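Read through the structure below, which is laid out as structure tokens, and then see the notes.
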Amino acid sequence: MIKIENLHKYFGQLEVLKGIDYEIQEKQVVCVIGPSGSGKSTFLRCINMLEEVTDGAIYIKNVKINEPKTNINAIRAEVGMVFQQFNLFPHMTVIDNVTMAPMQIRKMNRTEAEALGHELLKKVGLDSKAYNYPEQLSGGQQQRVAIARALAMKPKAILFDEPTSALDPEMVKEVLDVMKNLAAEGMTMIVVTHEMGFAREVGDRVVFMDGGYIVEEGTPEEIFGNPQNERTKAFLGKVL
Amino acid sequence: MDIFDLRWDIVWNYRDMFIRGIGVTLILTLSGYFGGILLGLFLGLGKLSTRKWIYWPCKLYVDLFRGTPMLVQILLIHLALIPTIFGHSLGYMVSGITALILNCAAYNAEIFRAGIQSIAKGQMEAARSLGLTHNQAMRKVILPQAFRRMIPPLGNEFIALLKDSSLVTVIAAPDILYASKIVAGASYRFWEPYIVAALLYLILTYGVTKIVAYIEKRLSNSYVPRKAEGREAR
């Protein structure tokens with residue numbers, strides 16, 4: 001569904017991604033792990049063009065997205081994103097955060113959009129907060145709203161950029177539970193995470209990145225149970 | 001003739017001039033300010049553009065108008081620019097308003113630029129990641145947040161402009177200060193007319209301060225109070 005070919009990314013002189021090849025199948029949950037600065041987030045952000053690709057190709061459903069004539073806004077509407085810092089819109093109520101994009105882009109009317117919004121907020125367990133503002137919510141609640149906001153565009157896949165890294169420990173679980181349910185429903189997900197438990201339990205594939213390369217890739221059993229590469233072993237030795 | 005023997009009746013005799021002066025000052029300031037907001041918004045957005053042919057003219061404009069005295073700008077516009085374009089003067093009002101708009105726009109451009117830049121980068125990214133175009137993201141997400149932060153500096157700019165509008169006396173626009181000059185020239189009394197001018201400006205700026213404070217309070221930095229209530233009923 002998402003295919004990446006020989007992806008290179010430079011920030012100025014610094015090469016952050018040094019040739020990534022990978023393919024994500026529909027309904028797969030791919031967890032990307034690795035040390036800080038390994039290029040995980042940049043890799044994720046290239047997939048919906050939040051970062052400009054220096055070289056290589058990214059295909060979503062066989063459409064090459066890093067090409068000038070591709071309508072990047074249409075692609076982004078199909079690929080949701082959840083950020084480490086939630087990035088909810090503070091000047092809008094929770095329900096407006098969720099309904100804004102479908103109304104602007106899908107031209108839904110307010111009644112339809114709010115029905116969808118309430119349905120999604122119920123799904124993440126926050127319909128009671130629909131008319132609150134983001135700053136009245138805890139971090140975990142905000143992140144669940146952010147997931148509902150991404151779902152409102154009915155995306156084909158969702159990218160998660162360290163979704164629990166900015167949360168207090170006791171709130172991590174509520175967000176991971178929502179993500180687990182999504183995975184069970186068959187959502188295609190790419191998750192950059194430090195939650196090894198989540199990667200092991202929910203991931204269909206686990207990708208270990210280091211120094212701008214994909215060092216090793218496999219099922220959770222392979223990566224966590226029997227890692228082949230020395231760097232993978234060293235990293236897992238430190239975090240597990 | 002000294003400070004212990006003030007003759008307010010002299011000023012009172014010229015009250016019609018002062019009332020007209022207040023009118024002229026307000027018209028000049030309000031036109032200059034709102035014209036300056038409109039032009040300043042475009043200049044501010046231009047200064048945020050990544051396209052060099054948009055950025056550089058906007059930057060040049062702002063640097064030019066912020067870096068030269070308004071008095072010089074007023075004289076250049078009234079005595080040189082407008083007569084050169086139209087063949088004759090269009091009067092102190094046109095020159096005065098033009099000068100105030102052009103000057104105020106340069107300062108407002110910086111307020112808009114800074115206000116927009118102060119909104120966290122993640123807001124734009126979140127909006128774009130949902131599929132919004134840059135313009136949609138600006139309109140729905142960035143500008144509504146930025147405007148709140150711009151209110152205090154925009155209020156300051158209004159007060160500064162109100163006071164700076166007194167510079168148009170140099171092209172004989174009959175504003176508050178001009179009335180004082182006439183009274184002083186006719187009566188050879190200086191305390192009374194200029195104290196009155198100072199008081200009138202003070203009253204006007206104080207009024208504006210109060211209005212800005214009220215707006216600021218209503219749109220306080222927290223998004224939570226008041227607005228959240230009664231929303232369910234909709």
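In region B:105-124, of all residues being of a type outside the set (A, V, I, L, M) and either over 22 Å from B:Leu219 (Cβ atoms) or at the interface with chain A (Cβ under 10 Å from one of its Cβ atoms) (or both), the one that is most open to solvent (accessible area, probe 1.4 Å) corresponds to B:Lys121. Taking region A:114-138 as the search range and keeping residues that are within 13 Å of chain B (Cβ to nearest Cβ) and hydrophobic (A, V, I, L, M, F, W, C), which one is nearest to A:Pro155 (Cα to Cα)? Looking at the filtered set, the residue picked out is A:Ala130. Remark: A:Lys123 matches the filter, which requires a residue to be open to solvent by 40 Å² or more (accessible area, probe 1.4 Å) and basic (Lys, Arg). Taking the stated definitions as given, is A:Val82 crowded, with 22+ Cβ neighbours inside 10 Å, in contact with an Asp or Glu (Cβ under 8 Å, 6 or more places away or on another chain) and more than 10 Å from chain B (Cβ to nearest Cβ)? Here the answer is no, as A:Val82 does not meet what is asked.
One residue stands out in region A:144-154 among those that are open to solvent by 10 Å² or more (accessible area, probe 1.4 Å) and within 12 Å of chain B (Cβ to nearest Cβ): the one that is modelled with the highest pLDDT, namely A:Leu151.
Kindly evaluate A:Val63 against the criterion of being in contact with a Ser or Thr (Cβ under 6 Å, 6 or more places away or on another chain) and of a type in the set (A, V, I, L, M, F, W, C).
Details: in contact with a Ser or Thr (Cβ under 6 Å, 6 or more places away or on another chain): no; of a type in the set (A, V, I, L, M, F, W, C): yes.
When the stated conditions are applied, A:Val63 does not pass them.
Going by the conditions given, is B:Ile77 touching a Ser or Thr at 6+ places or on another chain (Cβ under 7 Å) and open to solvent by less than 60 Å² (accessible area, probe 1.4 Å)?
Numbers: touching a Ser or Thr at 6+ places or on another chain (Cβ under 7 Å): yes; open to solvent by less than 60 Å² (accessible area, probe 1.4 Å): yes.
So B:Ile77 fits the description; yes.
For region B:125-143, a residue qualifies if it is crowded, with 24+ Cβ neighbours inside 10 Å and under 21 Å from A:Leu44 (Cβ atoms), and the qualifying residues are B:Ala126, B:Ala127, B:Ser129, B:Leu130, B:Gly131. Checked against (1) among the polar types (S, T, N, Q); (2) under 15 Å from the mean Cα position of the chain (by Cα); (3) within 14 Å of chain B (Cβ to nearest Cβ), A:Thr164 passes all but condition (3).
Of all the residues in region A:174-216, those that are part of a loop (DSSP other than H, G, I, E, B) and polar (S, T, N, Q) number 1.
Name the single residue that is most open to solvent (accessible area, probe 1.4 Å) among those in region A:129-143 being of a type in the set (S, T, N, Q) and more than 11 Å from A:Val94 (Cβ to Cβ). Before you say what the answer is, go through the steps one by one.
First, the residues of region A:129-143 that are of a type in the set (S, T, N, Q): A:132, A:136, A:138, A:141-143.
Filter once more, so that each one left must be more than 11 Å from A:Val94 (Cβ to Cβ): A:138, A:143.
Details: A:Ser138: 36, A:Gln143: 0 Å².
Checking each candidate, the answer is A:Ser138.
Out of all the residues in region B:158-185, which are open to solvent by 20 Å² or more (accessible area, probe 1.4 Å), in a helix (DSSP H, G or I) and in contact (Cβ under 8 Å) with a residue 12 or more places away in the chain? Spell out how you get there, then give the answer.
From region B:158-185, those open to solvent by 20 Å² or more (accessible area, probe 1.4 Å) are B:158-160, B:163-164, B:166-167, B:170, B:172, B:177-178, B:181-182, B:185; that's our starting set.
Going one step further and asking which of them are in a helix (DSSP H, G or I), we end up with B:158-160, B:163-164, B:166-167, B:170, B:177-178, B:181-182, B:185.
Listed by number, the residues that qualify are B:Phe158, B:Ile159, B:Ala160, B:Lys163, B:Asp164, B:Ser166, B:Leu167, B:Val170, B:Leu177, B:Tyr178, B:Lys181, B:Ile182.
The helices (runs of 4 or more DSSP H) located wholly in region A:1-105 that include 2 or more residues which are over 14 Å from the mean Cα position of the chain (by Cα) and in contact (Cβ under 8 Å) with a residue 12 or more places away in the chain occupy A:72-78, A:94-105. Which of the residues spanning region A:163-188 are among the small types (Gly, Ala, Ser), more than 14 Å from A:Val29 (Cβ to Cβ) and either out of contact with any helix residue (DSSP H, G or I) (no Cβ under 8 Å at 6 or more places or on another chain) or open to solvent by 50 Å² or more (accessible area, probe 1.4 Å) (or both)? Across region A:163-188, the qualifying residue is only A:Ser165. There is at least one residue in region A:56-76 that is out of contact with any strand residue (DSSP E or B) (no Cβ under 7 Å at 6 or more places or on another chain), within 14 Å of chain B (Cβ to nearest Cβ), of a type in the set (A, V, I, L, M, F, W, C) and open to solvent by 30 Å² or more (accessible area, probe 1.4 Å). Of the residues examined, B:His88 is one that is surrounded by fewer than 22 Cβ atoms within 10 Å (Cβ to Cβ) and more than 14 Å from chain A (Cβ to nearest Cβ).
For A:Gly237, are the conditions met, namely being more than 14 Å from chain B (Cβ to nearest Cβ) and either surrounded by fewer than 15 Cβ atoms within 10 Å (Cβ to Cβ) or not in a helix (DSSP H, G or I) (or both)?
Values: more than 14 Å from chain B (Cβ to nearest Cβ): yes; either surrounded by fewer than 15 Cβ atoms within 10 Å (Cβ to Cβ) or not in a helix (DSSP H, G or I) (or both): yes.
For A:Gly237, the condition - more than 14 Å from chain B (Cβ to nearest Cβ) and either surrounded by fewer than 15 Cβ atoms within 10 Å (Cβ to Cβ) or not in a helix (DSSP H, G or I) (or both) - is met.
The values are calculated or read from the model by the stated rules, or taken from the named source; none is laboratory data. On a predicted model such as this, the values are computed, not experimentally measured, just so you know. Note: ideal-geometry Cβ built from the backbone for every residue, glycine included; neighbour counts use all protein chains shown. To get the accessible areas, we keep the full protein, side chains included, count just its heavy atoms, and leave off ligands, DNA and RNA. Shrake-Rupley method; radii C 1.70, N 1.55, O 1.52, S 1.80 Å.
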